[in-house]
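For reference, the structure is listed below as structure tokens.
The values are calculated or read from the model by the stated rules, or taken from the named source; none is laboratory data. Keep in mind that what you see is a predicted model, and the values were worked out from it rather than measured. Here Cβ is always computed from backbone atoms with ideal geometry, including for glycine, and neighbour counts include all displayed protein chains. The area values use the complete protein model at the heavy-atom level, side chains included, leaving out ligands, DNA and RNA. Shrake-Rupley method; radii C 1.70, N 1.55, O 1.52, S 1.80 Å.
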Amino acid sequence: MTHKKGSRFQLFIQKIAASPAGSRVLSLFMHHLDRACLKASRGRTSVTEIFAGMPMVLLTTTGARSGKRRTLPVLCLRDTDSPGTLAVTAANWGRRKMPAWYYNLKANPHALALLDGSEHAYSVHEASGAEYEHYWAIAKDTFVGLPHYKQRVGQRVIPIMVLNPEPGESV
């Protein structure tokens, strides 16, 4: 169920990313670096994974209004009890505003995810109740900064979107 803890250096980087100033600065460029690294490695690694020990997935959604495909790196939560299932948090660097990809998945609950060398199709739903608590525990174990983000977002709940392989997909 849990993610392995990172090295001291990786935990230090996670704490920087959790701080208001660190998240503000890193949010400006990390997605560009991670996107390039994930594409080049076919979803096997990212800059964030190397330096902060946090696994990333290259997620492709369909725009809620535009209908265009949008691809970006997001924190990947993996549950060893459900190896084919992924989850992603809509924490948006601890901002009060939801990330655009969350609205894309709500409007079009299907996505592609590039991970571990291959891309697969997923159907998506928002976690609630016990499922939310289960993935929230994995999220906190994966990124030590999530409780800080939760404080900063105010009344906004940080959604967790669960990605299940589409029928016929072997992950």
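Can you sort His110, His120, His125 by 1.4 Å-probe accessible area, starting with the largest?
Per-residue accessible area, sorted high to low, gives His110, His125, His120.
3J(HN,Hα) along region 105-110, derived from phi through the Karplus expression 6.51 cos²θ - 1.76 cosθ + 1.60 where θ = phi - 60°, amounts to 5, 5, 6, 9, x, 9 Hz, with x in place of Gly and Pro. Per residue, the accessible area of region 35-102 comes to 49 Å², computed with a 1.4 Å probe over protein heavy atoms only.
For the chain, dividing the convex hull volume of the Cα atoms by the residue count gives 111 Å³ per residue. For the chain, the 222 nm mean residue ellipticity estimated from helices alone, with every DSSP H stretch of n ≥ 4 adding -39500 (n - 2.57) and the total spread over all residues, rounds to -12000 deg cm²/dmol. Karplus-based coupling profile of region 34-51, in residue order and whole Hz: 5, 4, 5, 5, 5, 5, 5, 9, 6, x, 8, 7, 9, 4, 4, 5, 5, 8, with θ = phi - 60° in 6.51 cos²θ - 1.76 cosθ + 1.60 and x standing for Gly or Pro. Note on Lys140: aspartates and glutamates with a C-alpha under 19 Å away, same-chain residues under 8 apart excluded, are Glu49, Asp79, Asp81, Glu126, Glu131. Give the carbon-plus-sulfur fraction of the accessible surface of region 48-144 in %, rounded to a whole number; probe 1.4 Å, heavy atoms of protein chains only. Ligands and nucleic acids excluded, carbon and sulfur give 51 percent.
Just so you know, the Cα atoms of region 1-58 work out to an Rg and Dmax of 11.6, 31 Å. Along the chain, counting only trypsin sites (Lys or Arg not before Pro) with a DSSP assignment other than H, G, I, E or B and at most 14 other Cβ atoms inside a 10 Å radius, the longest segment between sites is 98-171.
At a Förster distance of 22 Å, what's the computed FRET efficiency of Ala137 paired with His32, Cβ-Cβ distance as r, to 0.05? Present the calculation step by step, with values, prior to reporting the outcome.
Details: r = 30 Å, r/R0 = 1.38.
According to the calculation, E is roughly 0.15.
Once backbone amide H atoms are built at 1.01 Å from N, Arg42 has no partners under 5 Å, excluding neighbours fewer than 5 places away on the same chain.
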